[in-house]
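Presented below is the structure to which this report refers.
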Amino acid sequence: MTNAEIVERIWGRDPALWTGADEGKWLGWLDEPWRMREDVDLLLSFAESVAEDVDDVVLLGMGGSSLAPEVIRRAFGRDRFHVLDTTHPQAIRDLEAKIDIARTLFVSASKSGSTLETRSHTDYFHAKGGVWAAITDPGSELDALAAKEGFRATFPGEPTIGGRYSALSAFGMVPAALMGVDVARLLDRAQEMADGCRHAEGNPGLELGLSLGENWRDGRDKVCIGESSAGFGLWAEQLLAESTGKRGKGLVPAPGESADGPDRQAQEVRLADEYELGQEFVRWEFATAVAGSILGINPFDQPDVQSAKDKTRDVLASGSEPDVSPTGSPDELFAQAEPGDYVCIQAFVNPTAASEETVLALAARAREATGCVVTHGFGPRYLHSTGQLHKGGPPTGLFLQVVDDTGAEIAIPNQPFGFGKLIRAQAAGDFASLQERGRRVARVRLEEV
């Protein structure tokens, strides 16, 4: 297939480019820079309308609803904008200590409107007050809740865009407007890149996608994404892992890892300034669609994500205490490493600077012991990011789960469990899901690392 045919079939929404399933229904992200550009005044008007009433903004969201806002927050250095994408009780307490709830705008963001973590956060904080807005697809449970409770505003998602492709939709642009970002400028840059991705020659998205896919064919499935102060790898990690990690195949994103190795490829992040994010979001989205065609998978579904959710629900429904006792050891797990494997550290702990330092030290230890690429993520966030790859991708991962003492419980309104039990159930559920698929797994306590 020629380059021109690939580009033409993507813009023509031709599902036969991939698996011939429903791919054509999930390409709304191609048009989103123009669609959102028409709503810029609406977004800015809302941001201005709440400016005198609030000091802080808290985004409640997971995965595709939180990672682009987090990258934008880091890129523009907005410390009065907070992203809550953990169910750890101490993290919730830490956030509460930083804000005056009465003068905080809470933005509940969930495409489905039923994301367990986001709805739990929403129920918890809504009972305490604050100013409220929602971002969700039309007709969702969250849409109905926002109408019933009189939220200040509800911004509709675009139903033809999956979560991980939604950076330039309301899920990314409403938070950007609330941060004081020049959203029009960001979207103008995105339009420039999207226009560039219409060509057969000199097409940045096509070139990146072909590089990703052809390197994968050559056995270089670990994508070593260049580091950036914006943490762009957090967003690109979900895009690549959840889009390509299925049918026993997949690109393994490894932000910040060395590309020196026969199973690795280097890919740069082009961020000369923070507004280049608009271009990079489009370039990587288009590239992932191209790479998906080379891998022969549907880059717009996530068939294995539900398994961990189901296991979590089973644990919670049982009423018993989730089992997160240590199993195996890091040394025993690392000893099983073979060429071409990767190590993933899954930390169900309070995501503080101190705990991240411990996780990074553990990653360095794994890297030295195995010689493999090492990735890491905080749970439950990574379940909505790289979890699909871990279960549906190649069986080359060694998974080390890290848990901690969740401390005093925090009750969740209308639920028979609290946040502490929820995060422990999520850890237990994902561990069981990995075991069920024959993955190599171990669990340790943070205090014993």
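Identify the single condition in (1) within 22 Å of Glu70 (Cα to Cα); (2) touching a Phe, Trp or Tyr at 6+ places or on another chain (Cβ under 7 Å); (3) not in a helix (DSSP H, G or I) that Ile423 does not satisfy, given that it satisfies every other one. It is condition (3) that Ile423 fails. Condition check for Pro89 on (1) in contact (Cβ under 8 Å) with a residue 60 or more places away in the chain; (2) touching an Asp or Glu at 6+ places or on another chain (Cβ under 8 Å); (3) open to solvent by 30 Å² or more (accessible area, probe 1.4 Å): one failure, at (3).
Kindly provide the set of residues from the range 150-171 that are open to solvent by less than 30 Å² (accessible area, probe 1.4 Å) and either of a type in the set (Phe, Trp, Tyr) or over 12 Å from Val40 (Cα atoms) (or both), ordered by number.
Within the range 150-171, the first condition is being open to solvent by less than 30 Å² (accessible area, probe 1.4 Å), and the residues that meet it are 151, 153, 155, 157, 161-171.
Once the filter is applied, which keeps residues that are open to solvent by less than 30 Å² (accessible area, probe 1.4 Å) and either of a type in the set (Phe, Trp, Tyr) or over 12 Å from Val40 (Cα atoms) (or both), the range 150-171 yields Phe151, Ala153, Phe155, Gly157, Ile161, Gly162, Gly163, Arg164, Tyr165, Ser166, Ala167, Phe171.
In summary, Ala408 fulfils each of the numbered conditions (1) closer than 20 Å to Leu95 by Cβ; (2) surrounded by 20 or more Cβ atoms within 10 Å (Cβ to Cβ); (3) of a type in the set (A, V, I, L, M) with the single exception of condition (2). Residues of the range 426-449 being farther than 23 Å from Thr352 by Cα and part of a loop (DSSP other than H, G, I, E, B), which ones? Once the filter is applied, which keeps residues that are farther than 23 Å from Thr352 by Cα and part of a loop (DSSP other than H, G, I, E, B), the range 426-449 yields Arg437, Gly438, Arg439. Criterion applied to Ala337, Ala366, Ala347 was being modelled with pLDDT of 95 or more and either assigned to a helix (DSSP H, G or I) or of a type in the set (Val, Ile, Thr) (or both), and the one residue passing it is Ala366. Applying the condition of being assigned to a loop (DSSP other than H, G, I, E, B) and in contact with a strand residue (DSSP E or B) (Cβ under 8 Å, 6 or more places away or on another chain) to the range 310-327 and asking which residue is least open to solvent (accessible area, probe 1.4 Å) yields Val324. Within the range 245-281, if we keep just the residues that are aliphatic (A, V, I, L, M) and open to solvent by 10 Å² or more (accessible area, probe 1.4 Å), the residue that is farthest from Ala184 (Cα to Cα) turns out to be Ala259.
Is it the case, given these coordinates, that Gly438 is in contact (Cβ under 8 Å) with a residue 12 or more places away in the chain and at positive phi? So Gly438 passes the test.
Can you tell me which residue is nearest to Ser49 (Cα to Cα) among those in the range 100-125 that are touching a residue at least 40 places away in the same chain (Cβ under 8 Å) and open to solvent by 20 Å² or more (accessible area, probe 1.4 Å)? Even if it seems obvious, please write down each step before you answer.
Step one: of the range 100-125, the residues touching a residue at least 40 places away in the same chain (Cβ under 8 Å) are 100, 103-111, 115-118, 120-125.
Within this subset, residues satisfying the condition of being open to solvent by 20 Å² or more (accessible area, probe 1.4 Å) are 100, 103, 111, 115-116, 123-124.
Values: Asp100: 19, Arg103: 13, Lys111: 24, Thr115: 28, Leu116: 30, Asp123: 24, Tyr124: 25 Å.
Going through the qualifying residues, I end up with Arg103.
Which of (1) among the hydroxyl-bearing types (Ser, Thr, Tyr); (2) surrounded by fewer than 18 Cβ atoms within 10 Å (Cβ to Cβ); (3) more than 19 Å from the chain's Cα centre (by Cα) is the odd one out, the single condition Thr352 does not satisfy? Here Thr352 clears every test but (3). Of the residues in the range 285-300, none is without any contact (Cβ under 8 Å) to a residue 40 or more places away in the chain and surrounded by fewer than 19 Cβ atoms within 10 Å (Cβ to Cβ).
In the set (1) closer than 18 Å to Gly397 by Cβ; (2) in a loop (DSSP other than H, G, I, E, B), Ser307 fails one condition alone, (2). Select from the range 189-231 the residues that are in contact with an Asp or Glu (Cβ under 7 Å, 6 or more places away or on another chain) and among the charged types (D, E, K, R) and write down the one among them that is most open to solvent (accessible area, probe 1.4 Å). Here the residue is Arg220.
Residues that are under 23 Å from Glu409 (Cβ atoms) number at least 1 in the following helices (runs of 4 or more DSSP H) confined to the range 43-135: 89-98, 116-126. Just the residues that are buried (at least 18 other Cβ atoms within 10 Å of the Cβ), within 21 Å of Ile135 (Cβ to Cβ) and of a type outside the set (Asp, Glu), please, taken from the range 3-36. Correct list: Trp26, Leu27, Gly28, Trp29, Leu30, Pro33, Met36. Would you mind stating whether Val359 is at pLDDT 95 or above and in contact with a His (Cβ under 6 Å, 6 or more places away or on another chain)? Criteria met by Val359. Beta carbons closer than 6 Å, at least 6 apart along the sequence or on distinct chains, pair a first residue in the range 368-382 that is under 17 Å from Gln336 (Cβ atoms) with a second that is open to solvent by less than 40 Å² (accessible area, probe 1.4 Å) and of a type outside the set (A, V, I, L, M) for Ala369/Phe334; Thr370/Phe334; Cys372/Asp341; Cys372/Tyr342; Val373/Lys222; Val373/Glu257; Val373/Tyr342; Thr375/Cys344.
I'd like to know if the range 31-43 contains one or more residues that are within 19 Å of Glu242 (Cβ to Cβ) and not aromatic (Phe, Trp, Tyr). It would help to see each step written out before you state the result.
At the first step, the residues of the range 31-43 found to be within 19 Å of Glu242 (Cβ to Cβ) are 32.
Then drop every residue that is not not aromatic (Phe, Trp, Tyr), which leaves 32.
Checked the range 31-43: at least one residue is within 19 Å of Glu242 (Cβ to Cβ) and not aromatic (Phe, Trp, Tyr).
Can you name the residue in the range 44-76 that is farther than 27 Å from Gly387 by Cβ and out of contact with any strand residue (DSSP E or B) (no Cβ under 8 Å at 6 or more places or on another chain) and, of all such residues, is surrounded by the fewest Cβ atoms within 10 Å (Cβ to Cβ)? Checking each candidate, the answer is Glu52. Checking each residue in the range 1-42 for being of a type in the set (A, V, I, L, M, F, W, C) and not in a helix (DSSP H, G or I) picks out Met1, Trp18, Ala21, Leu27.
The values are calculated or read from the model by the stated rules, or taken from the named source; none is laboratory data. Since we're looking at a predicted model, the values are computed, not measured. Virtual Cβ from ideal backbone geometry, glycine too; neighbours counted across all protein chains shown. Just so you know, the surface numbers come from the protein's heavy atoms only, side chains and all, with ligands and any DNA or RNA stripped out. Shrake-Rupley method; radii C 1.70, N 1.55, O 1.52, S 1.80 Å.
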